Amino acid sequence: MTDNILTDNIKGLLLDLDGTLYHGGIMIPGADELIAGLRAKGIPFLFVTNNSSRTPESVADHLRAMGIEAQAQEVCTSSLAAARYIAGESPGASVAILGEEGLHRACEEAGLNIVSDSPQYVVQGIDRSFTYDSLTRAARWIAGGATFVLTNPDLMLPSDDGMVPGAGTLGAAIEAASGMTPVIIGKPHRHLMNYATSLLGIDPKEAVVVGDNMRTDISAGANAGCRTVLLLTGVTTEDNLERHKELTGISPNYICRNLADLRVLLGV
């Protein structure tokens, strides 16, 4: 491990959120100091999340409420990446949305035409108003030729009263009903990381992905060609690290026990 990896042709950081900087509504010790240190050193970074329901403004508000300084323009969500992916493939395309505010806002801002019938694309994220009718319509559109885009493949998500189904679970139902595999944007796939690095104006090989989950964050970084730092502050721990390496077939470039160790590694 080098003393400071930012001297090694690194031009930006892609930071995971839940499990990396906070747990739910509680800041992980040192997260505020890490962000302050990055700002003081002028090191470019983005907060990168699979969460498709929140707008960048809402994510930034959540961070600031915990004492982590954040601006909306520093937030990169799977909804933003999904909308930009569709706009890049078919500018102004018609899209049917199964999702919440973050996805609707992202599609609008990307110049996509939001419709309720005969879409060119069906884009789906977490949707807590999802119904049997939603499933039926989405499956028919996709079977009829619409391209299926899934913001993120998370099957289950933590909530205040336990785990709840995520966007990936709903997507699995649509895939089963339509017989079509979606284009997946979020972690562990590369599209979200590629979009984030494009926002920073850097090549993926010049970025470091920092996260707590080998199966999402670290896999996404590796799939995009970024370097990776695993924090043992969330999903992946010392106890299950070897099992996660076996499951993913990858190893992080660096491992830090906590955010204090990460600050040493980054020289901030």
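Restricted to helices (runs of 4 or more DSSP H) entirely inside the range 184-268, those with at least 1 residues that are among the charged types (D, E, K, R) are 241-248, 259-266.
Checked against (1) open to solvent by 40 Å² or more (accessible area, probe 1.4 Å); (2) closer than 29 Å to Thr147 by Cβ; (3) over 14 Å from the mean Cα position of the chain (by Cα); (4) without any contact (Cβ under 8 Å) to a residue 40 or more places away in the chain, Pro204 meets all criteria but (1). For the range 165-179, a tally of residues being surrounded by fewer than 16 Cβ atoms within 10 Å (Cβ to Cβ), of a type in the set (A, V, I, L, M) and either touching a residue at least 24 places away in the same chain (Cβ under 8 Å) or touching a Pro at 6+ places or on another chain (Cβ under 8 Å) (or both) returns 1. Of all residues in the range 180-198, exactly one satisfies the criterion of being β-branched (Val, Ile, Thr), without any contact (Cβ under 8 Å) to a residue 60 or more places away in the chain and more than 19 Å from Glu100 (Cα to Cα), namely Thr181. Of all residues in the range 138-153, those that are on the phi > 0 side of the Ramachandran plot and surrounded by fewer than 22 Cβ atoms within 10 Å (Cβ to Cβ) have Cβ atoms under 9 Å from Cβ atoms of residues that are of a type in the set (S, T, N, Q) and part of a loop (DSSP other than H, G, I, E, B), 6 or more apart or on another chain, in Gly145/Gln120. Would you check if there is a residue in the range 223-231 being farther than 22 Å from Thr77 by Cα and either of a type in the set (Lys, Arg) or surrounded by fewer than 24 Cβ atoms within 10 Å (Cβ to Cβ) (or both)? Looking through the range 223-231, none of the residues is farther than 22 Å from Thr77 by Cα and either of a type in the set (Lys, Arg) or surrounded by fewer than 24 Cβ atoms within 10 Å (Cβ to Cβ) (or both).
Hey, does the range 38-46 have a residue that's without any contact (Cβ under 8 Å) to a residue 60 or more places away in the chain and farther than 23 Å from Gly201 by Cβ? The answer is no; no qualifying residue exists. For the range 112-137, a tally of residues being open to solvent by less than 50 Å² (accessible area, probe 1.4 Å), of a type in the set (A, V, I, L, M) and closer than 19 Å to Gly88 by Cα returns 4.
If you go through the range 100-139 and pick out every residue that is closer than 18 Å to Glu175 by Cα, under 22 Å from the mean Cα position of the chain (by Cα) and aliphatic (A, V, I, L, M), you end up with 3. Highlighted here are the strands (runs of 3 or more DSSP E) found entirely within the range 1-89 that include at least 2 residues which are open to solvent by 10 Å² or more (accessible area, probe 1.4 Å): 45-49. Only a single criterion out of (1) at negative phi; (2) in contact with an Asp or Glu (Cβ under 9 Å, 6 or more places away or on another chain); (3) surrounded by fewer than 18 Cβ atoms within 10 Å (Cβ to Cβ) is not satisfied by Gly267, namely (1).
The values are calculated or read from the model by the stated rules, or taken from the named source; none is laboratory data. Values in this document were obtained by computation on a predicted structure and should not be read as measured data. Cβ: placed from backbone, ideal geometry, glycine included. Neighbour counts: every protein chain shown. With ligands, DNA and RNA removed, areas are computed over all heavy atoms of the protein, side chains included. Shrake-Rupley method; radii C 1.70, N 1.55, O 1.52, S 1.80 Å.
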